[in-house]
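Have a look at the structure below, then the notes.
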Amino acid sequence: EEFTKEKGFDEYAKVFKKGTLLTQSPGSFERLLLLDEADQEAIRREKTYKWSQPKDLYMTIIICSLAAAVQGWDQMGSNGANLSFPTEFGIPTDDSAPNREHNEWIVRTINAGPYITCALLGCWLTDPLNNYLGCQGTIFFCRIFCMVTVCQLLLGLGMGPKASMTPIFAAENTPAAIQGGLVMSWQMWTTFGIFLGFCVNLILYQISPLAWRLQLGSAFLLAVPLVIGIYFCPTFKSFKQLRNTELQATRDFLLRSTSSSKEAHISCVIELFTIPCVHCATLASWVVMITQQMCGINIITFYSSMVFASFGFRLVNWLFAFPAVWVPLIALFIFIFAAFYSPGEGLMPFTYSAEVFLLTHHEMGMSWAVATCLGWVVVLSITFPCMLTALTEVGAFGFYAGLNVLMLIMIFFLLPETKQRTLEELDYGGTFLPYWIKKWVFWQQDAVLEPLYHLDEVESITVFEKAFTVCINGMKSFHDSSGGALQVQMYAVYQTSKSC
């Protein structure tokens, strides 16, 4: 009752009593007398009809997907602009340019600008912005080449918090059973935004020498409906709109309230590396994010226009007609690679990172993950043109092919499973690697794998609990109309005696 008064939910006190019991015994809800048949049927439907969710939840995911499309479109603007803005600003990068190497460094810095500010500043603003502006406010906020560089840096300040906060916003509002399926919409719609960016780059390429302006600014078309639509999304504080029943909403609200805490931002960053279970999540998110860059897909995203132009120019000087054969083959193998990349490293990094951290370190953990991803994008953006010059196209792509093998080993050994787990349960998966190292590397045969949470599937029913359940069922006749106060008291006595 004190909790409901503090949160302003006095009228839902009875529902919160049910939700409290349900959070304590999620696997034995059918034995809770306080839950009627309608309540029990709603809990059963979470597994049998897991995609049957309120329209407001899907509205939230649509807006988050729109934010992802803006992200992808922003990333693609520089791809097509690379073909025109260097000449416009007097920094050409073709082979005949007198200061070619110097100009290439300028172009690389401009391309890497958004990701530099994302990794160093933008992503780390997520937690303070979320505290002061909330999820919705954070997503809303976010002629000389020096001016283009400054604009790219400012773009990064918005891209960082948006990339960090949007998957969190989707994950926190989504039931555990379908969390992965809906949160992965971030990367899927980011890819759709990249597709739209490619289309616009192609349409605008030959319009005028100033086509780069339109290519860099075209993502504005999706940004406008995003900043308007984000404030029409219900947040989890309006919990009734995001679940089918009030009981499910109060249960998830209680889990979030008891799992989250308001700690200083600096201490949260330090705890990412000092608390064992959080450290495991930090390592896993680092691995899944860095491997997205190791696979080499962003070479195509950022520099495909330059690669095709370079290949085309060199091959034109060799037997004339052969470019008509080789250039389509290059495109074909890029398509094949993307087809295998998409369901794995394409979708999973942001989905996995949004799921793996505890709620106490959710925002800061996601900031770390996105900063890792975009920080290595900076490395890729700056180094790949050098690799093209030193190793040629074949050598550069061969280098990234070798990194794919290393990436396979890293993922196999360092990523714990998160399938259909709530945000409160996932640190259990992070305990396995330390246990395995103790037992099989240091040969500590007394090492024990102790789960930090008792998950639904591994809950055990003791003889005492069975006997107590029989006792409760025998007292049904004393169950008065006060909302099951007798059962709540008996359950409290049981929990106390069980802990003793």
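The values are calculated or read from the model by the stated rules, or taken from the named source; none is laboratory data. Here the structure is a predicted model, which is why all the values come from computation and not from measurement. Cβ: placed from backbone, ideal geometry, glycine included. Neighbour counts: every protein chain shown.
From the list ALA369, ALA338, ALA390, which one is among the hydrophobic types (A, V, I, L, M, F, W, C) and either in contact with a helix residue (DSSP H, G or I) (Cβ under 6 Å, 6 or more places away or on another chain) or not in a helix (DSSP H, G or I) (or both)?
Values: ALA338 fails: either in contact with a helix residue (DSSP H, G or I) (Cβ under 6 Å, 6 or more places away or on another chain) or not in a helix (DSSP H, G or I) (or both); ALA390 fails: either in contact with a helix residue (DSSP H, G or I) (Cβ under 6 Å, 6 or more places away or on another chain) or not in a helix (DSSP H, G or I) (or both).
ALA369 is the lone residue from the list that is among the hydrophobic types (A, V, I, L, M, F, W, C) and either in contact with a helix residue (DSSP H, G or I) (Cβ under 6 Å, 6 or more places away or on another chain) or not in a helix (DSSP H, G or I) (or both).
So that you can scan it fast, the table gives a plain yes or no per residue for (1) among the polar types (S, T, N, Q); (2) modelled with pLDDT under 75; (3) more than 21 Å from THR274 (Cβ to Cβ):
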position	(1), (2), (3)
MET364	no, no, no
CYS386	no, no, yes
THR392	yes, no, yes
GLY395	no, no, yes
ALA401	no, no, yes
PHE412	no, no, yes
THR418	yes, yes, yes
THR422	yes, yes, yes
TRP440	no, no, yes
Cβ-Cβ under 9 Å pairs, at least 6 apart or on other chains, the range 88-112 side part of a helix (DSSP H, G or I), far side among the basic types (Lys, Arg) and at pLDDT below 75: GLU88/ARG143
Long-range neighbours under 7 Å by Cβ, at least six apart or interchain, first residue under 10 Å from SER218 (Cβ atoms) within the range 189-204, second outside any helix (DSSP H, G or I): VAL200/SER218
When residues of the range 16-61 are limited to those that are of a type in the set (S, T, N, Q) and part of a helix (DSSP H, G or I), the one farthest from PHE169 (Cα to Cα): SER28
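Condition check ((1) within 22 Å of the chain's Cα centre (by Cα); (2) not polar (S, T, N, Q)) across all residues:
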{"position": "TYR12", "(1), (2)": "no, yes"}
{"position": "ARG31", "(1), (2)": "no, yes"}
{"position": "GLU41", "(1), (2)": "no, yes"}
{"position": "GLU46", "(1), (2)": "no, yes"}
{"position": "ILE63", "(1), (2)": "yes, yes"}
{"position": "ASN79", "(1), (2)": "no, no"}
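Yes or no, residue by residue, for (1) outside any helix (DSSP H, G or I); (2) closer than 26 Å to SER164 by Cα:
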site	(1), (2)
THR190	no, yes
GLY197	no, yes
ASN201	no, no
GLN206	yes, no
PRO209	yes, no
ARG213	no, no
LEU216	no, yes
ALA223	no, yes
LEU226	no, yes
Condition met for LYS5 (closer than 19 Å to PHE253 by Cα and modelled with pLDDT of 75 or more): no
The range 20-76, subset touching a Leu at 6+ places or on another chain (Cβ under 7 Å) and among the acidic types (Asp, Glu), residue surrounded by the fewest Cβ atoms within 10 Å (Cβ to Cβ): ASP56
Within the range 376-421, considering residues that are of a type in the set (Gly, Ala, Ser) and surrounded by fewer than 19 Cβ atoms within 10 Å (Cβ to Cβ), the one farthest from ILE178 (Cα to Cα): ALA390
